[in-house]
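**Student:** Could you have a look at this structure, given as structure tokens, before my questions?
Readers should treat all values here as calculations from the given coordinates under stated rules, not as data from a laboratory. Computed from a prediction, not measured in an experiment: that's the story for all the values here. FYI the Cβ positions are ideal-geometry reconstructions off the backbone, even for glycines, and counts take in every protein chain you see.
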Amino acid sequence: MFIVNTDTVVKVDPNNPPNYHQGNPLQKLLNLMEQTQFAVEREFYLMEHAQYLFPFEWLSIYGPSGNQADIVEPVRQDNKEDFQKQNIRDFRSTDTFLIRGLVRVGDWVVPFLRVSYRGGPDSKLSVASDSKLGEKIKLWIKVGDVATPSLISVPYNPVSDRYEVELWGYPGSDLSNQLDTKGRKAIERLELQVRTDLVHGDMSAFVRRSELNGKHVEDIDPKNTMHPILPLHIELAWANFNEQAWDAQNGANYHYEFNMILRGWDNYLETGISSSPHSGPGFLEYRNLLSNYGRKSQKLGDRDRNGNRINELGRLLNPWSFNAFDSKNHGSDSEPFFAVNYVDLNILKPGCGIGLHRHRDNQEIFFLVNGQGFMVMGDWCKMPRRERCFEIRTFRPGYLTMLKPGNLHGLMNSTDQDMTLFSFGGYD
């Protein structure tokens with residue numbers, strides 16, 4: 001990973017602190033989510049499982065407070081108790097966003113993937129086409145390890161002013177008969193397409209039952225588009241309708257990942273029954289959420305500089321990073337454990353959100369005790385295999401998210417009730 005030097009760090013006058021109630025980037029991001037359109041009416045979707053990916057090309061970040069206001073280089077911002085220097089001030093999104101989730105059609109619950117590209121004259125593809133994109137553009141896409149054999153037509157949606165296509169993993173041949181008028185029209189204009197070659201998966205494979213006891217969930221239906229713990233990598237490129245102009249990141253294509261580390265009742269490494277736990281009476285049912293034992297997270301940890309996986313609870317150490325012993329002189333490029341320097345219990349009142357902020361060195365876990373909200377995670381640093389994005393998911397009680405060094409995150413209470421949050425890890 002590396003720190004993106006084209007981001008802006010804004011020096012803050014110590015006598016004039018930021019006004020976080022105007023132009024708040026967390027609210028700006030959630031407004032983008034609320035404006036999204038779908039191919040059919042929303043009652044078909046399991047909205048609590050919808051996951052949004054908003055790529056961004058630039059961040060503006062507040063500089064340090066107090067007498068360190070002149071330290072604008074992130075590698076020198078070492079005061080862990082100054083939160084201002086972590087806070088995102090603004091962002092600029094790219095032309096593309098993606099949504100994945102689940103849709104219910106009759107007796108089926110199947111995954112979908114929606115891909116959207118900005119209309120208007122100033123998108124990269126429009127500029128490359130002399131602002132003559134027309135009613136359809138085309139998409140080359142690779143979902144996981146499966147690429148489309150030919151380009152997909154993507155129609156213009158006048159409601160959203162975007163070019164949008166929704167790919168469904170519906171296995172039947174009667175989809176049109178199962179849908180409403182909006183859905184049938186979406187099929188006719190190619191906004192809704194059945195593509196079981198690209199989007200697929202039987203979610204019943206992950207329903208809690210005795211057959212799952214002791215099995216590693218990462219090994220169950222690993223190519224499922226909505227796998228509960230494995231990341232989904234998507235590679236894509238855009239073309240105009242005659243395929244003469246491209247937005248393909250200069251031939252490298254765009255690489256996106258749904259990769260939020262979210263664990264809980266339905267997202268776990270392993271489940272099972274333990275009788276007489278530690279010699280106690282009765283039995284307990286467990287769910288392993290994060291673990292350095294055995295090989296339960298063998299495929300999920302970060303890769304070190306030699307390409308080897310480290311423990312999922314471990315972290316990579318960069319030259320600018322403090323290790324668990326508050327030193328930048330570390331003999332290794334990783335630590336195999338999760339370092340905890342604080343443990344907090346928090347209440348987020350209605351209308352309250354923890355703003356978007358970056359973490360340079362440390363890891364942090366948010367565990368939701370009660371309430372409901374929207375969890376945002378993404379990359380502050382540029383990671384090797386993916387573009388920088390904000391990923392948004394519904395955050396429910398009994399679930400946790402884990403942030404890694406170089407990430408950013410935020411959380412919004414989406415209800416009119418108090419939200420109780422348990423958090424621990426390290427400040428940055």
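**Student:** Averaged over every viewing direction, what's the projected area of the C-alpha convex hull for the range 289-367? Give it in nm², one decimal, please.
**Tutor:** Approximately 7.0 nm², given one-decimal rounding.
**Student:** Taking the dipole about the Cα centre of the range 240-316, with the C-beta of Lys and Arg at +1 and of Asp and Glu at -1, give me whichever of GLY251, ASN267, TYR293 is farthest to the positive side.
**Tutor:** Toward the positive end, the furthest listed residue is TYR293.
**Student:** In addition: Please state the shape class of the range 94-258: rounded when a/c is under 1.5, otherwise prolate if a/b exceeds b/c and oblate if not, all from the C-alpha gyration tensor.
**Tutor:** Cα axes put the range 94-258 in the oblate bin.
**Student:** I need the Debye-formula profile for the range 28-104: one equal scatterer per C-alpha, no solvent, reported as log10 I(q)/I(0) at q = 0.25 1/Å, two decimals.
**Tutor:** Reported log10 I(q)/I(0), two decimals: -1.13.
**Student:** Moving on to the next point. List the residues, sorted by chain then number, that are 5 or more residues from VAL103 or on another chain and whose placed amide H is less than 5 Å from its amide H.
**Tutor:** Answer set, sorted by chain and number: LEU46, VAL110, PHE112.
**Student:** Taking 8 Å as the Cα distance limit and 6 or more residues as the minimum spacing, I'd like the relative contact order of the chain as a percentage.
**Tutor:** Answer for the chain is 16 percent.
**Student:** Quick query: amide H of TRP58 versus all other amide H atoms, modeled in the peptide plane; which residues come in under 5 Å with a sequence gap of 5 or more or a different chain?
**Tutor:** Sorted by chain and number, the residues that satisfy this are ARG92.
**Student:** Once each part is reduced to its C-alpha centroid, what is the distance from the range 90-123 to the range 358-404 in angstrom?
**Tutor:** Between the Cα centres of the range 90-123 and the range 358-404 lies a distance of 19 Å.
**Student:** Further, regarding this structure: With an 8 Å cut-off on Cα pairs and a minimum separation of 6 or more residues, tell me the relative contact order of the range 262-425 in percent.
**Tutor:** Across the range 262-425, relative contact order equals 24 percent.
**Student:** Only Cα pairs within less than 10 Å get springs; with that Gaussian network setup on the chain, which residue of ALA252, ALA50, ALA147 has the largest fluctuation?
**Tutor:** Checking each option, the largest mean-square fluctuation is seen for ALA252.
**Student:** Can you find, among VAL369, MET47, THR94, the residue farthest towards the positive end of the dipole of the chain? Put +1 on the C-beta of Lys and Arg, -1 on that of Asp and Glu.
**Tutor:** In the chain, that residue is THR94.
**Student:** Between GLU211, GLU191, GLU257, find the one with the highest GNM mean-square fluctuation for the chain; connect C-alpha pairs within less than 10 Å.
**Tutor:** Highest fluctuation of the listed residues: GLU211.
**Student:** Here's a follow-up. If amide H atoms are built 1.01 Å from N in the plane of the peptide, which residues on other chains or at least 5 residues away come under 5 Å of the amide H of LEU289?
**Tutor:** Close amide H contacts, sequence-distant or interchain: LEU269.
**Student:** Any idea what the dipole of the range 262-425 comes to, in debye rounded to 20, about its Cα centre with Lys/Arg Cβ at +1 and Asp/Glu Cβ at -1? Write out the running numbers ahead of the final one.
**Tutor:** Working: 20 positive and 17 negative charges, 112 e Å.
Dipole size: approximately 540 debye.
**Student:** I'd like the antiparallel share, as a percent to the nearest 5, of DSSP beta bridges with both residues in the range 1-127.
**Tutor:** The answer is about 85 percent antiparallel.
**Student:** Same structure again: Counting helices only, and only those DSSP H runs with n ≥ 4, report the 222 nm mean residue ellipticity of the chain as the sum of -39,500 (n - 2.57) divided by its residues, in deg cm²/dmol to the nearest 500. All intermediate terms of the calculation are to be shown ahead of the outcome.
**Tutor:** Values: 4 runs with 27 residues, N = 428.
The per-residue figure over the chain is -1500 deg cm²/dmol.
**Student:** To the nearest 20 debye, what is the magnitude of the charge dipole of the chain about its Cα centre, counting +1 on the Cβ of each Lys and Arg and -1 on the Cβ of each Asp and Glu?
**Tutor:** Details: 47 positive and 54 negative charges, 65 e Å.
Rounded to the nearest 20 debye, it is 320 debye.
**Student:** Which pairs break 22 Å Cα to Cα here: LYS85/LYS404; LYS299/LYS328; LYS223/LYS299; LYS11/LYS328? Walk me through the numbers before you get to the answer.
**Tutor:** Working: LYS85/LYS404 18 Å; LYS299/LYS328 28 Å; LYS223/LYS299 14 Å; LYS11/LYS328 25 Å.
From the list (LYS85/LYS404; LYS299/LYS328; LYS223/LYS299; LYS11/LYS328), the Cα-Cα distance tops 22 Å for LYS299/LYS328; LYS11/LYS328.
**Student:** Could you point to the residue in VAL207, THR196, THR148 farthest towards the positive end of the range 94-258's charge dipole, with +1 and -1 charges on the Cβ of Lys/Arg and Asp/Glu respectively?
**Tutor:** VAL207
**Student:** With a ≥ b ≥ c the root eigenvalues of the C-alpha gyration tensor of the range 262-425, is it rounded (a/c under 1.5), prolate (a/b larger than b/c) or oblate?
**Tutor:** oblate
**Student:** Here is a further query. Which of ILE354, ILE229, ILE261 ends up with the largest GNM mean-square fluctuation for the chain, with Cα atoms connected below 10 Å?
**Tutor:** ILE354
**Student:** Mind listing the phi-derived Karplus ³J(HN,Hα) values for the range 251-256, rounded to whole Hz, using 6.51, -1.76 and 1.60 with θ = phi - 60°, and x for any glycine or proline?
**Tutor:** x, 7, 6, 9, 10, 10
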